[in-house]
Amino acid sequence: MKKKARRALTLALSCITAFMLAACGSSNSNEVTANVSGNSTNGTGTFTMKSDSPYAEKGYDLSQQKTIVMYVLGDEPTDMQKVLDKANEDYFEPNLNTTVEIKFLNWSDYTTKYLLLLSGGEQVDLIYTAAWCYYNEEASKGAFLELTEDFLKENMPYTYEEQPKESWDQISIDGKIYAVPKAKATFTAYNMAIVRQDLIDQYSLTVPDSWENYQKYLEELAAIKSETGVTPLNTNANREQLLTTFLQTKGIQNVAEGYDWMYYHNGKEDAPKADDIFYFYGSDLNLEYAMKMAELAKKGIWSADAINDTTDAQAYFENGTSGSFLWNTTVFQAGKNLESADIGTYAVYDLTPNAPRSRASYATDAIAITTKSEDQQRAALVLDYIKSDVSLNRLLLGGIEGTHYKLTEEGTREVLDEAKNYSWNNWAWALNRQDEPDEDGLDERQIAISKIIDANEYHPQIAGFTFDPKNVEIEYTVIKSIIDEYKQSFALGIYGDNTETEFTSFQKKLSDAGIDKVTEELKTQYNSYLQRNGLQ
């Protein structure tokens, strides 16, 4: 009641102020004056909002000028400041009396800096998170604001209405929401291989159209490295490139986004029984993968010093020093960059063309409001504005229209020369909308792969299941630290002939840390999910 009373008083004062200004001769009918205190944006001690602002006359107290700081992952684009200046000047400042700062956590050190940001004294109002990027862990620690239905309705009105319903289900933890997910689900969890077509043609290399042939291609590249100067797969600890494809060959599906419990889907969408679920790390399948990586490392497929390398693997392919790169459809951008630099030509192969594949959960990319933010309502309005306003959204996703891209008469986007300084969707994955324009004149190679992907789409019944580790937080924290100790060493074949011995030690540590207890907790929650959704 007090909050409503204060809001009513604020609105009354706003109306009185607007009336007084009009009486003094103001004739600007396109502006709304919101409250009388705070920093001025028009030099008169008041904030003047455009009457066509989506937030005009909604009762928000925007009298105080605010700065909202948002952290995202990735490398900062060259034209980021130019784009952000336009976003502030044309959108945030005139419509929300807010200046937005966007700061980047680089891939090479985000795992360290992310946690320090949330626990330290720096201003962080909004931050990228995901099932794979500390969402569950930090939510359970209280780092992210719980977004109740009332909070969303009041402070993110447009997002609340427009967001796909299933996205809220997929981001929820035990029925509670701590971040706003993206609004477009894509096949980001399905990987393919981009390779050097010019080298295949020049040296008559094996066409890598399957997992087995891809390995032959890598081995043949290794044999001619002294002549080409190209490392077969210039991978490192930043991106575990081969695991996803390896699991695709086995018909594996994750149980919960961001966690490593899995099951064999056998080409079916049906929910598995709890007894068919297993934890990947420490499993026989994990050992098979580790042994395969040791074999490839021994054959010189990647650098022996890869574990200490911090250069992004995509950059290696783009500059011609790597003969392959495995990732999702972003591999096509890597190929375009390779060819535009006149280094070589590329081809992309789906190594598991008959494997069913599902769209990634909406929870793979999200933005959270931090509990330490001093301006949570304003942060929510900023996020709501970014996600709901098409023009603002496209500005941040793709840069300045007419400079970095332009829309065609067909509604597709044409890439312009300056896009090299601000490529489309370079960092704003959590802000994707359903109506995002497709790229004009897509490469035929990309169209062919997209058709294969679409033709093999399937929809697992358990796509909305999420796991909350709070009841086993101590055990799970220890387990994650053990995995972090070993994971990249196994992925890069560091242990060589001692891999199996090291793996046995790894298994014992996981067992001692309580992996069985944590798995039982997951299965308990999973069975409850099946019962709630009529899947048992």
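Quick notes
- Rounded FRET efficiency, nearest 0.05, which uses the C-beta distance separating Thr111 from Lys336 and R0 of 22 Å: 0.15
- Antiparallel DSSP beta bridges within the chain, as percent of all bridges there, nearest 5: 65 percent
- Computed over the Cα atoms of the stretch 267-319, the ratio of the radius of gyration to the Kirkwood radius (Rg/Rh) comes to 1.17.
- Interatomic Cα distance distribution for the stretch 373-504, bins of 5 angstrom, percent: 2, 7, 10, 10, 10, 12, 13, 14, 11, 7, 4, 1, 0
- Computed extension length for Thr310-Leu407: 31.3 nm, one decimal, from 0.36 nm per residue of separation with the Cα-Cα distance subtracted.
- Counting other Cβ atoms within 10 Å as a rough exposure proxy, the listed residues Arg357, Arg378 run Arg357, Arg378 from fewest neighbours to most.
- Across the chain, Cα pairs under 8 Å and at least six residues apart give a relative contact order of 19 percent.
- Charge tally around Asp198: other residues with Cβ under 13 Å, Lys/Arg +1 each, Asp/Glu -1 each, net -2.
- Theoretical ellipticity at 222 nm over the chain - DSSP helices of four or more residues, -39500 (n - 2.57) apiece, nearest 500: -12500 deg cm²/dmol
- Separation of the Glu154 and Asn425 label points, Cα + 7 Å toward Cβ, nm: 3.5 nm
- Label-to-label distance for Thr504 and Thr78 is 5.5 nm, based on points extended 7 Å past Cα in the beta-carbon direction.
- Projected over all directions and averaged, the alpha-carbon convex hull of the chain occupies 27.2 nm².
- Dipole magnitude (debye, nearest 20) for the chain, charges at Cβ of Lys, Arg, Asp, Glu: 1400 debye
- By average C-beta atoms within 10 angstrom, highest first, the peptides 92-100, 499-507: 92-100, 499-507
- From least to most packed, judged by other beta carbons within 10 angstrom and beginning with the fewest, Arg413, Arg532 follow the order Arg532, Arg413.
- Residue-count net charge about Gln446 - beta-carbon cut-off 15 Å; Lys, Arg +1, Asp, Glu -1: -4
- Gyration tensor verdict on the stretch 168-261 (Cα atoms; rounded if a/c is under 1.5, prolate if a/b is larger than b/c, oblate otherwise): prolate
- Links that overshoot a 27 Å alpha carbon limit, given the list Lys113/Lys141; Lys225/Lys451; Lys216/Lys508: Lys225/Lys451; Lys216/Lys508
- From largest to smallest, the equivalent ellipsoid semi-axes obtained for the stretch 154-200 from the alpha-carbon gyration tensor read 37, 13, 8 Å.
Each reported figure results from applying straightforward, stated rules to the coordinates on display, with no laboratory input. If you're wondering where the values come from, they're calculated on a predicted model, not measured in any experiment. Positions of Cβ are backbone-derived with ideal geometry, glycine not excepted, and every protein chain shown enters the neighbour counts.
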